[in-house]
Every structure is written in C-alpha cells, then in structure tokens.
Amino acid sequence: MTLSASPPHALAHTLVLDELFDLSLYRALRQVTETDVHGTLDELIRVETGHLAFWQKFFNLQLNELDPGRRIKLSIMMFVCRLFGSTAVHLVLEAIEVHGVRKYLAIWQEYQTQPLGDALRGILMDEFKHEDVLVTALTERKINAEKIRNIFLGLNDGLVEILGAVSGFFAAFGSATMVLIAASTTAVAGALSMAAGTFLALSSEKEVKSTEIAKSLFLGEESQISPMEESPLGSALVVGVAYITGALVPVLPVLIGAKDAMFSVLTAGLMVVVVSTILSFLSGMDIKRRIALNLVIITVAVSVSYGIGLLAKHFWGIST
C-alpha cells in the first residue's frame, strides 16, 4: 500500500514517527560529527522540533518513542556514519531530505483539497526553502553525490549482467573452467563498453554545453547553461571500475571452486539487496519496491540465460 493511500490514522502515525525519526537522527549525528557540521545540524534540529510539535498537535497524537523498525533503521544509519565518517553523514543528510520532499509531495497531491493539504503546504515550504537549502549547501562542499550513485549503478549493472552470463555458461558448458574464462572476458568487455559509452556521452554533452555558452557570450547574453564540471574521463573510469567490481560477485564463487551457478545466484542475490537498498536510500525510491524489482530482474536474467545455455548445448552440441 502506498503512503498516499494509507488510512488517516496510519498516515498520522507515519507523519509523526517520521518527524520523530528525523529529529532523533539529527540529534544522534550531532554527537558524532565534527564542529563544522554542528551549525547545520542545530538548525535542522530546530526545524524538525517544530515539525514534530506541529503534527502532534494537528493529529492530537503524542508519540515520543520510535517503533522497533525505525529504531533499527536509526541504529544502522548511525553505525554506517561512524564507520565511514563525514562522507556517509552528508549522504545520509541528503537522502533524508530527498525522502522527505518526495513523501510530502505525494501526500499533498492526494490531500491538497483537504485540511491536511493546507498543513502540508507549510511543511513543504520549510523543506524547499530551508532544510533542502541547508543540506544542499553542506553536501555540495563535501561530496559528489552523483559520483556515489554512479558507483552503485555500475555495481548493479555488472552484477546482474554477469550473473546472467555465468548462469548461461554453466548451462551450456558445465565446466567451471570454461565458465570462468567466458564470464571473465565478458565482464572485461562489459566494463570497457560501459566506460566508453559514459565517456562518449559526457564528452558530447560537454561539447554541446560549451558551444551554447560560447554562443551566448558572442551575442552578449547571459548564458542559462552552467559549464559541466564532471570529467568525462573520470566518470568513465568510475563506471568501468564499478562495473567490474559488481561483475566479480557472481564470478568469485566459480573462482573458489563452485561447480554450478547456485552459489553465484545466492551471493549475487544478497549483493543485489544491499546495492538496491543503498541506491533506493540515496535516490529517495521505495526500498522494498526497488529490491523486489531488482530480484525479479535477476530472476528473469538467470532463467533466460540458463535456458539459452541449455538450448545452445542441445542444438549446437556444445561439450566441455
């Protein structure tokens, strides 16, 4: 059930507990971060305290403790932030804001003609004009979120594609040695192809932007296009390395002695859950939906590839 379709009492609990979660997270981060982040966190705490009080009063619902699921989520986030430091903190802050904006917009679209819609308008104004500005200003100085997302997208692509290849090769060849050779060469070719595609696409985009900017300067006009800061070569390397890293997940079980595709499927499935969770969190997507979608994708990829491998072995007489 989507959040916008939730019954009023469930929606009330969700809104209050979500604000309590954000407030608890900001307070916890305040205890483990460097002083250069404290100003932003203090302001976020002030705003979230107001939001929590507003929803508690609006719904006449005094909830002051997180439910078990949100407590676990908070513990995991804090563990990751302690483990990976400031980069993780900034990514978490940005992701929380993305989730908040998307959630409130979805609810507002559903209830915009009702009293709840009027209440949400004020919260969204805070999100757009205050919290979002604060977090964006902080994260732009510290991290390249697009690069982080590209890393995980490359991991996901390499993992799914080579898992399908491993499954098909096992069905066709049956020999772990043959599968290892075929999957490794496919992974390298895929990584080079992804990197080359990224480089060419970004290079073309950079040329187009540069031409448009030069045109505006010639005409004495203020250009509405910002110069592209992303390096095509750097991005290509990131995507290529991420792809080959993801491809190693289904290949490693074969390397250490697996005789069929089962171990590759299990390890890749586990990694898909992890990667999907991270990607969903960073992009503001529904985590369960993303995980389910990716698991369906790898199931289809494995099934189709394995079927093709069996057909190839049967009709073309492939043998080890």
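Across region 171-225, the qualifying residues are those that are open to solvent by less than 80 Å² (accessible area, probe 1.4 Å) and not in a helix (DSSP H, G or I), and the one among them that is farthest from HIS314 (Cα to Cα) is GLY220. SER75 passes every criterion in (1) over 26 Å from the mean Cα position of the chain (by Cα); (2) without any contact (Cβ under 8 Å) to a residue 12 or more places away in the chain apart from (1). Scanning region 291-302 for residues that are in contact (Cβ under 8 Å) with a residue 60 or more places away in the chain and open to solvent by 70 Å² or more (accessible area, probe 1.4 Å) turns up just one, ILE297.
The number of residues in region 78-100 that are of a type in the set (A, V, I, L, M, F, W, C), farther than 18 Å from ILE287 by Cα and in contact (Cβ under 8 Å) with a residue 24 or more places away in the chain comes to 3.
Could you list, in sequence order, the residues of region 272-290 that are more than 11 Å from the chain's Cα centre (by Cα) and surrounded by fewer than 20 Cβ atoms within 10 Å (Cβ to Cβ)?
VAL273, LYS288, ARG289 - these are the residues of region 272-290 that are more than 11 Å from the chain's Cα centre (by Cα) and surrounded by fewer than 20 Cβ atoms within 10 Å (Cβ to Cβ).
I'd like to know if region 258-274 contains one or more residues that are assigned to a helix (DSSP H, G or I), out of contact with any strand residue (DSSP E or B) (no Cβ under 6 Å at 6 or more places or on another chain) and of a type in the set (Ser, Thr, Tyr). Taking every residue of region 258-274 in turn, at least one turns out to be assigned to a helix (DSSP H, G or I), out of contact with any strand residue (DSSP E or B) (no Cβ under 6 Å at 6 or more places or on another chain) and of a type in the set (Ser, Thr, Tyr). Counted as qualifying within region 76-154 are the helices (runs of 4 or more DSSP H) with 3 or more residues that are buried (at least 20 other Cβ atoms within 10 Å of the Cβ) and modelled with pLDDT of 80 or more, namely 86-111. Of all residue pairs spaced 6 or more apart or on separate chains, those with beta-carbon atoms under 7 Å, a first member in region 7-31 that is farther than 14 Å from GLY50 by Cα and of a type in the set (S, T, N, Q) and a second member that is at pLDDT below 90 and not in a helix (DSSP H, G or I) are THR14/SER6.
For region 237-267, the set of residues classified as among the aliphatic types (A, V, I, L, M), open to solvent by less than 40 Å² (accessible area, probe 1.4 Å) and either within 16 Å of LEU180 (Cα to Cα) or over 19 Å from the mean Cα position of the chain (by Cα) (or both) consists of ALA247, VAL249, VAL251, VAL254, ALA258, ALA261, listed by residue number. Quick one: would you say LEU25 is out of contact with any strand residue (DSSP E or B) (no Cβ under 8 Å at 6 or more places or on another chain), surrounded by 14 or more Cβ atoms within 10 Å (Cβ to Cβ) and assigned to a loop (DSSP other than H, G, I, E, B)? Taking the combined requirement at face value, the residue does not satisfy it. Quick one: how many residues across region 227-236 are in contact (Cβ under 8 Å) with a residue 12 or more places away in the chain and loosely packed, with under 11 Cβ neighbours inside 10 Å? So the answer is 1. For region 37-67, the candidate set comprises residues that are without any contact (Cβ under 8 Å) to a residue 12 or more places away in the chain, open to solvent by 80 Å² or more (accessible area, probe 1.4 Å) and assigned to a helix (DSSP H, G or I); within that set, the residue that is nearest to GLY117 (Cα to Cα) is LYS57.
The values are calculated or read from the model by the stated rules, or taken from the named source; none is laboratory data. Everything numeric in this text was worked out from a predicted model, so none of it was measured. Positions of Cβ are backbone-derived with ideal geometry, glycine not excepted, and every protein chain shown enters the neighbour counts. Heavy atoms of the whole protein, side chains included, go into the accessibility calculation; ligands, DNA and RNA do not. Shrake-Rupley method; radii C 1.70, N 1.55, O 1.52, S 1.80 Å.
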